[in-house]
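Below you'll find the structure, written out as structure tokens, and then a few comments.
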Amino acid sequence: MSAKGIIVGLAILLGILHQDFWNWDDPSLVFGFMPIGLFYHACFSLAAVVLWLFAIKYAWPTKLVEWAEQDEDNERINGE
């Protein structure tokens with residue numbers, strides 16, 4: 001499986017895990033002060049950051065960026 005496929009799969013998984021219905025009625029506190037739902041979403045946000053870092057590193061369309069930058073350079077040279 002390609003890096004793009006893995007990242008898409010993980011993004012779908014994060015979308016599913018975002019619906020944390022199992023924490024809605026849980027009155028537990030983490031570290032004695034933070035509701036479990038808030039802690040879950042803080043960890044979820046960190047997981048989303050890590051996923052996007054991997055997406056930028058391994059699945060970013062570099063050929064498209066190079067093409068766009070080349071077009072931009074050509075316009076500057078030609079005075080358009």
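The values are calculated or read from the model by the stated rules, or taken from the named source; none is laboratory data. A quick note: this is a predicted structure, and the numbers were derived from the prediction, not measured. Because the Cβ atoms are built from the backbone with ideal geometry, glycine has one as well, and the counts that use them run over all protein chains shown.
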Count of region 7-49 residues which are surrounded by 13 or more Cβ atoms within 10 Å (Cβ to Cβ), small (Gly, Ala, Ser) and farther than 25 Å from Ala59 by Cα: 1
Odd one out for Trp52 among (1) surrounded by fewer than 10 Cβ atoms within 10 Å (Cβ to Cβ); (2) assigned to a helix (DSSP H, G or I): (1)
Options Ile16, Ile12, Ile36, Ile7; residue that is modelled with pLDDT of 90 or more, of a type outside the set (Phe, Trp, Tyr) and in contact with a Ser or Thr (Cβ under 9 Å, 6 or more places away or on another chain): Ile36
